[in-house]
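I have placed the structure first, in the form of C-alpha cells, so that the comments after it can refer back to it.
Please treat every number below as a calculation from the coordinates, not as lab data. These numbers come from a predicted model, not from an experiment. Neighbour counts run over all protein chains shown; Cβ positions are idealised from the backbone, glycine included.
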Amino acid sequence: MFKLILSNLRQRPTRTLVSVVAVALGVALLLVSMGLSYGQLVDTVRRAQGIGGDFILQPSEASVIFALNSGTIPVRVQKVIEEVEGVEAATPILAKFLGDQFHIVFGIDPESFGRVNSTLSFVEGGRFSEPREVIIDTIYANSKKMHAQDPLQILGNEFTVSGVYREGIGARVLLPLTTLQELNGTPDKATMFFIRAKEEVPLEQVYESLKERFENYKITKTAELQEIMMDNAPAFKEFVTAMVCISVTISFLIILLAMYSTITERTREIGILKSLGASKSYIIRLILNESLLICAAGVGLGFLSTFVVIELLMAAFPTLPVSISLFWRVTAAAMAVTGGTLGALYPAVKAAGMDPVKALGYQ
Amino acid sequence: MIGMTRRKDVVVVEDLQMVYRVSKVEVPALRGVDFSVKEGEFVAVIGPSGCGKSTLLHLIGGLLQPTSGRILIEGVSISSVSDFERTEIRRQRMGFVFQSYNLLNTLTARENIALAKRIQGNGHYEDGSARKILRMLGLENKMDHKPWELSGGEQQRVAIARAVINRPAILLADEPTGSLDSENSRMVLEMLRELNSVYGQTIIIITHDPEAAATADRVIEMRDGKILNRVQNMFYAMEEKRS
C-alpha cells in the first residue's frame, strides 16, 4: 500500500507539493503566532520573577499586564507593606510602556530593589548613581550594540548607560524611580510593589496577612503569574482558539480539496482495486494514509519554516521573545493531522462506496 | 481441458435477470440466463454488443448485484451474501482481465502484480508457482517497466499475470484481445489456453473475436440478454454429469 501511495504522490508532484505547503502554512502560522504571543508572556513572567519578589501588590483594578497600568499607588505604602508580618522587603516599581520603542522600562528605587533582588549582576559598568543614568540588559545592549557610557534617548531625554546587566530581571531598561516619576508626571507614585517574604515564614501565611492588610489591593503570587496572565490577558484565549481553528481549517480544506480531486482523477484506479478484491476499508485506508503522508510532510516543512521565520524575526528584532513549547509543537502537528484526516474522510468514504463497474468505465 | 471424469461446478448461474434503471426507464440486460461452468473449463461467451455479455461477467465477478436469480461460486451464492463477503470471494477466488488492461500506471509491472497479492493478504508473490506463471507469460525481463513502457500485448500479459497470481478459482476475461493486433491476440489466447491446459485454470472469456471463441472448450452465444444455444449447453452439462 505504501508503494502505491508514494507512487500516487509522485505522479502528481505539483498537487502534492501545494498540499504539503498549505499544511505547513497552517502549522507555521500556529507555531509562529503562539511562539510570539507565548514568548512575550513567558518572557514577561520570567523577568518579573527574576526581580525576586514572592508577591506583587497592585491596585485592585490593575492588570497583570504591567504595560497597561500607570503609577497610582503612593510610594509611602512601601513602609506599610514592610510592617506586615512575614515581609522581608518591598520595592516600588513604576512601569512605563515606550510606544515608540515598543518595550517597557521600569523605574526602580536602587536601595529597596537591592533588598528584594539578589541576582542583578553586571557584565559592563555598574548601577546608576545619577538621575540621568540608566542600566540596560544584555539583550537590549546586543540588539542596539550599546555599551556602558553610551547615550540613550528615553521619553525625549538623553540618558547615559551606566551599566549592562545580565538579562532576566524586570524590564530591558531600568532607570531611577524618581526620574521616571518626574518624566511620567506621577511624582511619588508607583505602578506596583514587589514584595519579598521572610524565608522562615510560610508564603501562604504572608499572603494571607497581606490580603488582610491590603484588602482593596490585588496581591499576586509571582509563582502563579503565568497562569494568571493567561487568564487575564485580553482576548488571549480567544486568540489561541482562533489560531488553532484557522490551522485545522486550512489543513481540512486543503486535504479535502486535494483528496477529492485525487479520487475523481483516480476513479478508474479505484475500480481496478475493487476488481482485485480491495475492500472498502482498504480503499479508505489508502486515501487516509495518503493524506497522513501529506500531513506528516506538511508538519515537517511547517516546523522547518517556523524555525526559519523565527530566526529571521530574531535577527530583525533581537529583543523579541519567542517561546514555542513542546506542547504547542505537538498541538500544531495534531491539529494538522486532525484537519487532514477529517478532510480526507469524506473523499475516502466516497471512494470506498464507488460502484466498481461505473468506476472501471470512467474515462 | 484437464482430463477429469467428474468435475465440480465452479460457476452456476440460475435464472439470472438484470434490469438497469435509467431514471424511470427500465432497461433489461439479462432475461433469465442459466448455465454452469465446470472446474478447469474454458468457456467463451459471444454475442453482439449490448447483448448482456459484460453484465453477465460483472455479475459473476460480484461487481454487480442481479435483479433476480442466483450465482453460485464454488457452491456459495454471491448474490445473497453481504458486500463484505462478496469482496472476500472476489479477492480470494476470482481474477479479472479487461480489454483496456487496467494496470495502475504509477506502478511497475512487478508492483502491479504484487498489489494483487498484497490485497489478497500475501506479502511476497515470487513463490515457485508464481515464477512459473511469469516465465510462461514471458514477463521476466519486463517486470521493472511501467505500463506505458510496455506494448499492448505485454500490458495484457501483465494483467493476466496479475489476475492469476493468486491462483483464483475462475479467471474472468472481458474482451482480452479487443485492443490487440492479431499477433498479440494470438499470443494472449495461447497463454490463456496454456493456463487452462497446464494449470487447470477455469476461464470465462467474453469476446467478439471468433478466433478467441474458437480457443475455448465451449461457446455460450448470447443475444438480447438470453443464451441462444441454451439446449446445446444443457446437453453439454448432462454429458458432463453422465461422464
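Here are a few things to note about the model shown:
- Two-site FRET efficiency, B:Tyr20 against A:Tyr346, from Cβ-Cβ distance with R₀ of 35 Å, rounded to 0.05: 0.80
- Ordered by the number of other Cβ atoms lying within 10 Å of each residue's own Cβ, fewest first, A:Phe106, A:Phe303 fall into the sequence A:Phe303, A:Phe106.
- Ratio of Rg to Rh over the stretch A:32-91 (Cα coordinates, Kirkwood Rh, two decimals): 1.06
- About its Cα centre, the dipole of chain B is roughly 460 debye, where the only charges are +1 on Lys and Arg Cβ and -1 on Asp and Glu Cβ.
- Entry note, chain A: relative contact order of 29 percent, from Cα contacts under 8 Å with a spacing of 6+ residues.
- Sorted from longest to shortest, the spans of the Cα atoms of the stretch A:110-158 along the three principal axes equal 30, 22, 16 Å.
- Relative contact order, whole percent, for chain B stands at 30, derived from Cα pairs under 8 Å and 6 or more residues apart.
- Dividing the alpha-carbon radius of gyration of the protein assembly as shown by the rule-of-thumb value 2.2 N^0.38 Å gives 1.59.
- The stretch A:166-196 and the stretch A:44-122 have Cα centres separated by 7 Å.
- Taking the square roots of five times each eigenvalue of the Cα gyration tensor of chain B, the equivalent ellipsoid has semi-axes of 28, 20, 19 Å, listed largest first.
- Chain lengthening between A:Ala334 and A:Lys221 when straightened (0.36 nm per residue, less Cα-Cα): 37.3 nm
- Here the protein assembly as shown carries DSSP beta bridges of which approximately 65% are antiparallel, counting only pairs with both residues inside.
- Relative to the dominant Cα principal axis of chain A, helix A:13-50 is inclined by about 20°.
- Relative compactness, the stretch B:18-118, computed as alpha-carbon Rg over 2.2 N^0.38 Å: 1.22
- Relative to the longest principal axis of the Cα atoms of chain A, the long axis of helix A:236-265 lies at roughly 20 degrees.
- The stretch A:61-215: C-alpha pair distances exceeding 19 Å, %: 55 percent
- Per-pair calculated FRET efficiency, R0 = 56 Å: A:Lys79 and A:Ser7 via Cβ, rounded to 0.05: 0.10
- R0 of 60 Å, Cβ-Cβ distance B:Val76-A:Phe307: FRET efficiency to nearest 0.05: 0.55
- Rounded to 5, the percent of DSSP beta bridges in the stretch A:61-215 classed as antiparallel: 70 percent
- Sequence-distant residues sharing a close amide H with A:Phe159 (under 5 Å, placed H): A:Leu152, A:Gln153, A:Ile154
- Computed on the Cα atoms alone, the convex hull of chain A gives a volume of 167 cubic angstrom per residue.
- Based on C-alpha pairs under 8 angstrom that are at least 6 apart in sequence, the stretch A:61-215 has a relative contact order of 33 percent.
- With the convex hull constructed from alpha-carbon coordinates only, the stretch A:230-363 shows a mean projected area of 10.4 nm² over all directions.
- Magnitude of the charge dipole, the protein assembly as shown, Cβ model with Lys/Arg +1 and Asp/Glu -1, debye to 20: 2660 debye
- Between 0 and 90 degrees, the angle of helix A:280-316 with respect to the longest Cα principal axis of chain A falls at about 30 degrees.
- Applying 0.36 nm per residue to the separation of A:Glu265 and A:Ala316 and subtracting their alpha-carbon distance, the gain on full extension is 13.8 nm.
- Footprinting exposure proxy for A:Ser143, A:Ser19 (fewest neighbouring C-beta atoms within 10 Å first): A:Ser143, A:Ser19
- Counting DSSP beta bridges with both ends in chain B, the antiparallel % (nearest 5): 55 percent
- Axial C-alpha extent at least 20 Å, average Kyte-Doolittle at least -0.5 - helices from chain B (DSSP): B:182-199
- Relative exposure of A:Glu133, B:Glu194, A:Glu124, judged by other C-beta atoms within 10 Å (fewest first): B:Glu194, A:Glu124, A:Glu133
- Per-residue HN-Hα couplings for the stretch A:114-119 [Karplus 6.51, -1.76, 1.60; θ = phi - 60°; Hz; x = Gly/Pro]: x, 7, 8, 9, 10, 10
- In the structure shown, the pairs A:Lys79/A:Lys237; B:Lys8/B:Lys226; A:Lys274/B:Lys142; A:Lys350/B:Lys24 are assessed against 28 Å; a Cα-Cα span above that value is assigned to A:Lys79/A:Lys237.
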